[in-house]
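Structure first, then comments.
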Amino acid sequence: MSTAILTGPPVAGSPLTEDLRALGFDVTVADGPGRLAAELAAAPAGARVAVVDPRFTGHRHALRLALTDPRFPVGAVPGALTATGAARAELASAAREPAAAAAGNGTGFPAAPTPDALATALEDAGIDVHRPELGVLVAAVPADDSARTRAREATEAVDDEAVRLRGAVKSRDGFFTTFCISPYSRYLARWCARRGLTPNQVTTASLLVALIAAACAATGTRPGFVAAGVLLIASFVLDCTDGQLARYSLQYSTLGAWLDATFDRAKEYAYYAGLALGAARGGDDVWALALGAMVLQSCRHIVDFSFNEANHDATANTSPTAALSDRLDSVGWTVWVRRMIVLPIGERWALIAVLTAVTTPRIVFLVLLVGCALAACYTTAGRLLRSLTRRARRTDRAAQALADLADSGPLAEAVARVAPKRLPSFAAPAVALLGTAAVVATAWLTPRGTWWPVLAAAVYAVTSGVAVAAPLKGALDWLVPPLLRAAEYVTILALAARSGLHGAVPAAFGLVAAVAYHHYDTVYRIRGGTGAPPRALVRATGGHEGRVLVVTVLAALLADRTTFTWALAALAGLLALTVLTESIRFWVSAGAPAVHDETGEPT
């Protein structure tokens, strides 16, 4: 159990002790010289400890934000400080320093180190102390009765629970989510918190509802399609609720990070498969459209991730385009229009749900493909303009992130070792585009069963290696990973669709889903600061160029044979087993980061 140590006896009439116990702390009092260090040493090993000034006056939620957020080993607000893990040793050392006790606690007892002095000492020791944004919340250490009365009046003037509910919702989200879901899902989150439900349980419920929706769509009947649309919206409500519950109760975890990072894509792509199965029951084969929608959506995401990783820590990172965007943000209605244009997850799922209920799967996919293509053109054009007009200097960390996102296997690595390390500006994306165009065009345009795609795949492996030979620090080098993703996914789609074999495209759908999971897993590990998956895993899965070569060889050898379908299915199963095993091992390990998307960027 966590321990909260008061640096003196509580002030009469103060709810501080009750608040700390409500937050899960066992409360003790350090009531003499040297007692704080002794109490810190006596606290259970490995548990979180907090040091709180007994004069603290303020909201319980202010204490919750500072003292219970598991994402931060050290947190503080005026009058309260918490530490866990390795930071506890530094806190104990600071508590023993005579200088830390220079300020008395105002209670008549001998001076003890104040939480504010300890927080300063930790920062001086190079430890990052998280100080949450309190907004209208009160956290104060009044020096006398008059100041205490004013602080209590300020506390009573603000509804702690209302602030907590507002804080459960992302500050930046899509129009549909902000105005149609969050106004009531936040109350559902509170309902779940009061009944002891965890965000992981709500996330799992959201997945199950989405899978039931996919099963309803797979029936191919109108009642099934209507039920599927309703359940898809219900799944999205739960999807919003799990994050709001995590923020409401500050329940962040490594397992939750993994679930949150992967289940959105799993739900959406499973629903695509359900729609394709339902259409097939009615005699309409839309598997190629379903796979095309998954390819387009995955490539959109890698464009987002790649651009953000290339620029988030760049220096001199300004441009006229970015300045124009900031000016447009000051005009309220343009913000919502621009957020809707990119077809974020809320708008996208609402569109899919409505169209599923009233039209056919083919119309659903055609509208989805057109909408996502327009959104992709809009966002990519804006990012190209920003990249060409800004004079940013990109860091080694950003270059490494782009190299990891490239997912280069042994063949590309071998080429990169002997390729030129100094290339002209824009050479990396140009070479990647050349290889992508060659392999995709050959897969689509040459007769099935020929070896031309294999030759193009070999050329693609060479161009891929050349593209990543030098550090990816150029203005447009963030385009390299998306181009490589498009090459792999579209080549698999083209070869399966043009084979004309029964079940080939569904098998290709499974293969792309397995590979896309690996790429999403890479993204969220990088965003969590732990780096990409082990190189051994990347090499074992062949890298993007190795998989393209394998699929083209299979298409040439097994043309006009149903064994091509089985080969794709077997490859999908093998890849899924390999990447899932390593991914689950990582995300449930103690070293995995609690990665939760707090940016509010719609996906």
- Message: Please count how many residues of segment 499-541 are small (G, A, S) and either under 17 Å from Q297 (Cβ atoms) or open to solvent by less than 20 Å² (accessible area, probe 1.4 Å) (or both).
- Response: 8
- Message: Among the numbered criteria (1) assigned to a loop (DSSP other than H, G, I, E, B); (2) at negative phi, which one does G46 miss?
- Response: (2)
- Message: I want to confirm something. Restricting to segment 135-170 and keeping residues that are in contact with a His (Cβ under 8 Å, 6 or more places away or on another chain) and assigned to a loop (DSSP other than H, G, I, E, B), which single residue is nearest to T57 (Cα to Cα)?
- Response: V138
- Query: Taking the condition surrounded by 19 or more Cβ atoms within 10 Å (Cβ to Cβ) and either among the aromatic types (F, W, Y) or part of a helix (DSSP H, G or I) (or both), does L211 pass?
  - Reply: no
- Task: Please find, among V553, V548, the residue that is in contact with a helix residue (DSSP H, G or I) (Cβ under 8 Å, 6 or more places away or on another chain), open to solvent by 20 Å² or more (accessible area, probe 1.4 Å) and at pLDDT 95 or above.
- Result: V553
- Looking across segment 443-456 at residues that are out of contact with any helix residue (DSSP H, G or I) (no Cβ under 7 Å at 6 or more places or on another chain) and assigned to a helix (DSSP H, G or I), the single one that is farthest from G546 (Cα to Cα) is L445
- Filter segment 49-74 for residues that are over 14 Å from V129 (Cα atoms) and in a helix (DSSP H, G or I); which is most open to solvent (accessible area, probe 1.4 Å)? R60
- Task: Considering every residue within segment 160-173, establish whether at least one is surrounded by fewer than 12 Cβ atoms within 10 Å (Cβ to Cβ) and hydroxyl-bearing (S, T, Y).
- Result: yes
- Only one of L188, L207 is more than 29 Å from R338 (Cβ to Cβ), within 25 Å of the chain's Cα centre (by Cα) and modelled with pLDDT of 95 or more; which? L207
- Say we look at segment 570-585 and pick out the residues that are surrounded by fewer than 18 Cβ atoms within 10 Å (Cβ to Cβ) and in contact (Cβ under 8 Å) with a residue 40 or more places away in the chain; which of these is nearest to D260 (Cα to Cα)? I584
- Query: When the residues of segment 333-347 are filtered to those that are more than 13 Å from A376 (Cα to Cα) and of a type outside the set (V, I, T), which remaining residue is most open to solvent (accessible area, probe 1.4 Å)?
  - Reply: W333
- Kindly indicate whether A89 is over 13 Å from G8 (Cα atoms) and either modelled with pLDDT of 95 or more or surrounded by 19 or more Cβ atoms within 10 Å (Cβ to Cβ) (or both). no
- Message: Please go through (1) open to solvent by less than 40 Å² (accessible area, probe 1.4 Å); (2) more than 30 Å from R339 (Cβ to Cβ); (3) aliphatic (A, V, I, L, M) for L411 and return the number of the only condition it doesn't satisfy.
- Response: (1)
- Message: It is to be established whether one or more residues within segment 480-496 are modelled with pLDDT under 95 and among the basic types (K, R).
- Response: no
- Task: Could you list all residues from segment 185-220 that are free of Cβ contacts under 8 Å to residues at least 40 places away in the same chain and among the hydroxyl-bearing types (S, T, Y)?
- Result: Y187
- Would you call Y252 more than 16 Å from the chain's Cα centre (by Cα) and either part of a helix (DSSP H, G or I) or closer than 27 Å to Y517 by Cβ (or both)? no
- Message: Suppose we keep only residues that are farther than 20 Å from R585 by Cα and touching a Pro at 6+ places or on another chain (Cβ under 9 Å) within segment 249-271. Which one would you say is surrounded by the fewest Cβ atoms within 10 Å (Cβ to Cβ)?
- Response: L250
- Item | Residue that is farthest from the chain's Cα centre (by Cα), among those in segment 16-43 that are part of a loop (DSSP other than H, G, I, E, B) and among the aliphatic types (A, V, I, L, M) | A30
- Message: Which residue is nearest to V226 (Cα to Cα), if the candidates are limited to segment 331-346 and must be in contact with a Gly (Cβ under 6 Å, 6 or more places away or on another chain) and either among the aromatic types (F, W, Y) or assigned to a helix (DSSP H, G or I) (or both)?
- Response: G346
- Scan R422, R362, R391 and give me the residue that is outside any helix (DSSP H, G or I), out of contact with any strand residue (DSSP E or B) (no Cβ under 8 Å at 6 or more places or on another chain), of a type outside the set (D, E) and more than 26 Å from T463 (Cβ to Cβ). R391
- Query: Hey, among V459, V431, V440, which residue is open to solvent by 40 Å² or more (accessible area, probe 1.4 Å), in a helix (DSSP H, G or I) and among the β-branched types (V, I, T)?
  - Reply: V459
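The values are calculated or read from the model by the stated rules, or taken from the named source; none is laboratory data. In this text, all values refer to a predicted model and were calculated from it rather than measured experimentally. Please note: Cβ atoms are built from the backbone with ideal geometry, for glycine as well, and neighbour counts cover all protein chains shown. Surface areas here come from the heavy atoms of the whole protein model, side chains and all, with no ligands, DNA or RNA. Shrake-Rupley method; radii C 1.70, N 1.55, O 1.52, S 1.80 Å.
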